[in-house]
Amino acid sequence: MQDTSEKNMLRTLVSKLPTVTVERAEALQNLQIRTVADLIKHLPMRYETHHGSMTIETAQTVLGDRNRMTELVTIEATIATIQPGWRRGRKSRVEATAEDETGVIHINWFNQPWVAKSLHPDMRIRFHGSLSRHEDTLQMNNPRWEEVDEREELEIIEGDLRPVYPANERITSTVIARLIESVLDQALYEIDDHLPESLRIELVMPELSRAYALSHRPTSESDANEGKRRIAFDELFLLQLGVMVKRHHRRETMHAPQLRWDDEIKKRIAARIPFSLTEAQERVIEEIANDMTGTIPMNRLLQGDVGSGKTIVALHAMLMAVTCNAQAAMMAPTELLAEQHYFTITQLLKGTKVNTALLTSSLPASERKVLIEKIGNGLVDIVVGTHALLTTDVIFSSIAIVITDEQHRFGVQQRALLRDKSGDESAIPHSLVMTATPIPRTLSLTIFGDLDVSTINAMPPGRMPITTKLVLPEDAEKVYTHMQSLIEQGQQGYVVVPLVEETDSELKSATGHAESLRTGYLQGSTVEVVHGRMKASQREETMQRFRDGDIDVLVATTVIEVGVDIPNATMMVIEHADRFGLAQLHQLRGRVGRGTLPGVCALISSPMTEDASQRLDAIVETTDGFLIAERDLEIRGPGELFGAKQSGIAPFVVARLPRDFELLRLARSIASKWVDRDPTLTESPLLKARLLRAHGKSLGLGDVA
Ligand code: ADP
Ligand code: MG
């Protein structure tokens with residue numbers, strides 16, 4: 001945060017501060033706080049106007065004759081009893097009583113069954129909620145609560161705005177607040193701003209040091225918001241700047257093979273596919289072709305819901321390369337998906353001169369060596385594979401396009417590492433990334449800000465609807481009885497479980513559950529297993545038997561999440577559905593309803609957390625992948641999505657999406673103007689240094705800025 005050597009407070013280790021004991025230093029370290037600078041960046045998560053807590057007797061008086069009141073009050077009391085009350089279907093109630101020296105209050109939590117596990121008698125709790133009266137007893141419904149920390153000595157000033165800091169069980173917010181207060185003045189004096197004054201004035205934002213002062217020591221909510229807005233802007237701005245610098249670098253200094261696209265190529269491909277393209281497919285193919293006929297390396301995301309027909313679009317891009325005597329690579333996240341793509345592509349290209357190869361990690365070393373040589377000599381035109389493709393010994397003769405399927409599994413930056421023999425450091429292949437989990441608009445401007453986006457917004461004709469039902473574990477029998485009856489009509493199904501093999505947990509495993517279905521609900525049917533730990537050859541054999549109709553039900557882990565395309569499979573059961581992410585459930589479900597019959601998806605679960613409950617509600621309510629992606633973002637927050645975590649991109653601390661979308665747009669437009677004017681950021685060395693520190697590694701800005 002500081003850059004001049006005679007300023008020392010910000011660099012001081014918190015362990016050197018007078019009131020910080022060894023234990024406190026460790027507790028702070030757990031919160032990623034090592035230096036005073038880290039401490040100053042540790043911002044309040046909220047502010048409390050402290051009126052202090054009241055006794056139960058006072059609460060009685062405050063409520064008076066009313067049956068309920070809307071203002072919120074705080075009561076500190078000790079839990080006397082707590083138990084799960086009733087549970088009807090997915091609705092539940094947890095009931096508790098709490099006491100202080102002056103009386104008793106009843107507390108109810110609706111649809112939060114986990115509360116019963118978190119609280120127990122004798123715990124001292126601070127309840128924050130609205131009061132009501134039910135048959136002469138004082139009560140609170142769904143209060144917010146926190147355990148009272150006995151060590152915390154509150155110095156309450158009536159009406160004061162008290163910052164509440166993220167804390168942990170070893171150090172309280174109050175202690176953190178005091179620590180910050182003790183160094184704040186000196187620290188603020190040392191903070192330099194990386195934005196020029198003119199820009200700050202244009203943005204109507206405070207100086208950085210003032211922003212921190214307003215956040216830690218606000219006199220009003222609007223003060224606090226003004227401070228946080230500036231800090232949130234900086235977070236968004238730095239990432240936008242990184243993305244823009246990278247985009248500029250790619251477009252200005254790198255180049256890709258210029259390919260050909262005309263009606264003749266179009267017709268040749270059309271003659272090979274057994275259907276005509278949808279309008280949406282035609283449109284995205286044109287968008288892609290438009291990029292690939294230029295020398296600026298394409299960096300495009302193709303998004304389209306499960307089953308929208310992305311593979312055929314990818315094939316067009318690959319054949320553009322092959323027509324110009326260059327090579328194409330297609331990378332898939334799993335071996336099963338790579339096998340599936342290879343199968344589809346070879347079927348479509350049967351009888352042509354195009355050479356296609358499958359490269360996965362299960363290929364024996366000797367065969368791999370031969371294949372890599374062929375790839376290097378240009379004897380193979382299209383290579384389909386998994387991550388194994390990414391290893392450095394695979395060097396193409398002349399690679400023109402890399403297609404990455406289902407990129408949210410890869411993380412953002414493992415793309416386009418493929419090189420060819422040209423030896424030209426500024427040459428890279430065009431890149432097309434395909435995903436069935438559309439990127440919500442808000443996110444498409446952040447870590448994906450460097451991507452151009454094409455969207456397939458309509459399904460091929462004749463897609464069958466999928467009905468999704470949520471079923472409690474005790475009703476599983478009905479589900480499997482239905483499955484058995486579909487099997488008797490000649491249809492097939494999937495059962496998805498979270499584990500491969502039996503463990504100590506109560507979760508069902510593929511091998512164990514398959515066995516119990518064979519001897520139980522699905523007696524007489526052929527039930528087989530596929531999972532990621534099987535040998536590729538064995539898995540491919542099982543898939544082939546399923547495709548041929550020799551297997552009725554496949555019990556699988558999420559290996560079947562993507563790409564598996566078997567029209568006769570009409571029903572899917574997902575066991576422990578609460579264990580899966582929203583996008584994952586949507587992908588899984590997309591395996592059915594692919595033929596001429598409608599699909600059914602049964603989610604078996606009794607969700608024990610609020611998040612899980614929301615996920616399952618969302619998946620039952622809609623089959624629209626775009627809506628699901630937006631809901632996923634709301635429930636999980638952007639950091640968790642799309643491999644942002646694996647990619648190492650620092651999550652936002654203050655900025656929150658989609659809430660701060662407008663601020664993001666502002667940050668983006670300022671960053672874009674800046675990079676157009678000053679692509680190497682020479683105007684503000686401090687800004688450049690901070691950008692490199694924040695995102696240099698994760699965005700690979702080393703040779704760029
Ligand atoms: P995804 O977008 O999920 O990868 P696929 O490319 O696997 O979808 O396509 C799903 C199915 O739809 C495949 O069986 C494919 O052959 C078929 N398909 C794709 N495009 C069309 C079309 N225009 N008309 C009819 N069927 C199509
Ligand atoms: Mg696909």
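For the stretch 542-620, the fraction of C-alpha pairs farther apart than 20 angstrom is 32 percent. Taking all protein chains as shown and a probe of 1.4 angstrom, LYS535 keeps an accessible surface of around 150 Å².
Between ARG46 and LEU507, what is 0.36 nm times their sequence separation minus the Cα-Cα distance? Round to one decimal in nm. Intermediate values should be presented prior to the final figure.
Working: separation 461, 0.36 × 461 = 165.96 nm, distance 3.82 nm.
Going from the current span to full extension adds 162.1 nm.
Only protein heavy atoms count here; on that basis, with a 1.4 Å probe, HIS482 has an accessible area of about 80 Å². Within the stretch 64-79, find all residues whose amide N lies under 20 Å from a label point positioned 7 Å from the Cα of ASN225 along Cα-to-beta-carbon. What the label zone holds, given the 20 Å backbone N cut-off, is 72. TYR521 sits with roughly 110 Å² accessible to a 1.4 Å probe, with DNA, RNA and ligands left out of the calculation. Distance from the alpha carbon centroid of the stretch 291-356 to that of the stretch 186-213 works out to 49 angstrom. Pick out the long, greasy-scoring helices in the chain: whole DSSP H runs spanning 30 Å or more along their own axis by Cα, mean Kyte-Doolittle at least -1.0. Both cut-offs are met by 221-253.
If I take R0 = 51 Å and measure r between the Cβ atoms of SER516 and SER130 in this structure, what FRET efficiency does the formula 1/(1 + (r/R0)^6) give, to the nearest 0.05? Don't jump to the answer; show the numbers that get you there.
Values: r = 49 Å, r/R0 = 0.95.
In this case the efficiency is close to 0.55.
Calculate, in nm to one decimal, what THR21 and PHE110 gain on full extension: separation in residues at 0.36 nm each, minus their alpha carbon distance.
Working: separation 89, 0.36 × 89 = 32.04 nm, distance 4.22 nm.
The THR21-PHE110 span can extend by a further 27.8 nm.
Computed from the Cβ-Cβ distance with R0 of 45 Å, the FRET efficiency linking SER118 to ARG693 stands at 0.70. Fully extending the segment from GLN538 to VAL148 would add 134.7 nm, taking 0.36 nm per residue of separation and subtracting the current Cα-Cα distance.
First check a/c for the stretch 263-393, with a ≥ b ≥ c the square roots of the eigenvalues of its C-alpha gyration tensor; if it is under 1.5, answer rounded, and if not, answer prolate when a/b is larger than b/c or oblate otherwise. Working shown, then result.
Working: a/c = 1.63, a/b = 1.54, b/c = 1.06.
Verdict is prolate for the stretch 263-393.
Please report the spacing between the Cα centers of the stretch 451-469 and the stretch 56-70 in Å, no decimals. For the stretch 451-469 versus the stretch 56-70, the Cα centre distance is 54 Å.
Across every pair of different alpha-carbon atoms, what Kirkwood hydrodynamic radius in Å does the chain reach? The partial results should precede the final answer.
Values: mean 1/r = 0.0343 Å⁻¹.
Averaging 1/r across every pair of different Cα atoms and inverting gives 29.2 Å.
Each label was represented as a point 7 Å from its Cα along the Cα-to-Cβ direction; for THR622 and GLN83 these points are 4.2 nm apart.
Going from most exposed to least, what order do HIS42, HIS134, HIS128 have by accessible area with a 1.4 Å probe? Display every interim value, and only then the final one.
On the way: HIS42 25, HIS134 95, HIS128 55 Å².
Accessible-area ranking of HIS42, HIS134, HIS128, largest first: HIS134, HIS128, HIS42.
For the stretch 37-123, divide the Cα radius of gyration by the Kirkwood radius and give the resulting Rg/Rh value with two decimals. Don't skip to the end; give the middle numbers.
Values: Rg = 16.7 Å, Rh = 15.5 Å.
That ratio is 1.08, to two decimals.
For a paramagnetic label modelled on LYS91 (point 7 Å from Cα along Cα→Cβ), amide N atoms under 11 Å away belong, within the stretch 97-132, to 111. Between THR481 and ASP263, the C-beta separation translates, for a Förster distance of 56 Å, into a calculated FRET efficiency of about 0.55. Accessible surface of the chain, 1.4 Å probe: 50 percent of it comes from carbon and sulfur atoms.
Heavy-atom accessible area with a 1.4 Å probe sorts THR404, THR219, largest first, into THR219, THR404.
The values are calculated or read from the model by the stated rules, or taken from the named source; none is laboratory data. As the structure is a prediction and not an experimental result, all values here were calculated from the model. Glycine gets a Cβ as well: all are built from the backbone with ideal geometry, and neighbour counts include every protein chain shown. Just the protein is used for accessible areas: all its heavy atoms, side chains included, with ligands, DNA and RNA removed. Shrake-Rupley method; radii C 1.70, N 1.55, O 1.52, S 1.80 Å.
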